[in-house]
Amino acid sequence: MLCCLRWTGGRGVPSDIGLDRVVAEVLVSRRYRSLAPEFVRRIAERESRHARRHTDAVKATKARLHQVYGAYVQDLPAERFVAALEGGGAANSDALRETCRQMMAEHASTRERLPIMDRFYVELFAVTGMPRTLVDLACGLGPLALPWMELPADARYVACDVDRRFVDVATAALTASGVDGRAELRDVVASPPDEVADVALLLKAAPCLEQQAPGSARDVLESVRAHYVAVSFPTRSLGGAGKGMLAHYRQMMARINEGTGWPVQELLFPAELVCIVTKGAITGG
Ligand SMILES: C[S@@+](CC[C@H](N)C(=O)[O-])C[C@H]1O[C@@H](n2cnc3c(N)ncnc32)[C@H](O)[C@@H]1O
């Protein structure tokens, strides 16, 4: 069958389908309005290639976002979290920890880490050394763990996520903890941060990136400008069962790091496998 659509070269999106319009339409939907436009655009670009009409492109983009992002779009009471952090918890560090602990308990990914909070960063930094600059890629609610990191007074923390709600919470967590840095809305695949860091965290996000586009986690590992990159994986499903997840994710990590020659050191916690990749000193920062 002859296809009457013209192809715009470049990214292969039919010229009849305006990518800007597709992105704009997806972003007005309640479900996806907090996402970074560059992220929606990257997904839309892939999904629009085979679409014949604008509505098909919008539908395909939303369906794919549901697949690769659906798990995180649960109701996140970001405004309540920000208000709690701004409410003076920092006045005493035990109160701030308690506030952060309660919020982390409301999100699956950080809830699983709660039982090991007292040792997670201690053991991670025992391998990497205490970082002065830390980049938290696809941070989610990770910055709520700042009170447990016990970073030095002159430390700098840069967090990024594709969802504005996580970015808002991260900004409030930085202020409440008195840590210098910033949180930004960013697709770490489309535009990884160029900050030079001692340690980069890519915690429980690699499987999600690989689902968005195979090879993405490797791209991020290569582009991130950090001496150490901690890539972690869940070892239990949300239902609680292991189901061979440890072996599966060890294989995924081996593929992500294949051929780089960068050494990997494992830390195995009850529900999380952390693979610490030593990229070595970053030059030209
Ligand atoms: C399973 S959560 C992990 C969150 C956090 N790192 C942790 O360990 O608790 C995955 C996070 O990745 C974010 N994310 C997914 N794709 C992303 C991308 N391409 N760029 C930046 N963040 C992304 C999601 O918004 C979500 O917050």
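The values are calculated or read from the model by the stated rules, or taken from the named source; none is laboratory data. Worth saying up front: this structure is predicted, and the values here are computed from it rather than measured. Every residue, glycine as well, gets a Cβ built from its backbone with ideal geometry; the counts of neighbours run over all protein chains shown. With ligands, DNA and RNA removed, areas are computed over all heavy atoms of the protein, side chains included. Shrake-Rupley method; radii C 1.70, N 1.55, O 1.52, S 1.80 Å.
Out of all the residues in segment 135-143, is one or more in contact (Cβ under 8 Å) with a residue 24 or more places away in the chain, in contact with a Lys or Arg (Cβ under 9 Å, 6 or more places away or on another chain) and away from the ligand (no atom under 14 Å from the Cβ)? Looking for residues that are in contact (Cβ under 8 Å) with a residue 24 or more places away in the chain, in contact with a Lys or Arg (Cβ under 9 Å, 6 or more places away or on another chain) and away from the ligand (no atom under 14 Å from the Cβ), one finds none in segment 135-143, hence no.
Condition check for residue 148 on (1) open to solvent by less than 50 Å² (accessible area, probe 1.4 Å); (2) at pLDDT below 95: one failure, at (2). Among the residues here, residue 138 qualifies as open to solvent by 10 Å² or more (accessible area, probe 1.4 Å), aliphatic (A, V, I, L, M) and either modelled with pLDDT of 95 or more or closer than 19 Å to residue 277 by Cβ (or both).
Look at residue 182 and say whether it is within 11 Å of the ligand (Cβ to nearest atom) and either open to solvent by 30 Å² or more (accessible area, probe 1.4 Å) or among the hydrophobic types (A, V, I, L, M, F, W, C) (or both). So residue 182 fails the test. No other residue among 255, 218 is modelled with pLDDT of 95 or more, away from the ligand (no atom under 16 Å from the Cβ), surrounded by fewer than 20 Cβ atoms within 10 Å (Cβ to Cβ) and under 26 Å from residue 65 (Cβ atoms) apart from 255.
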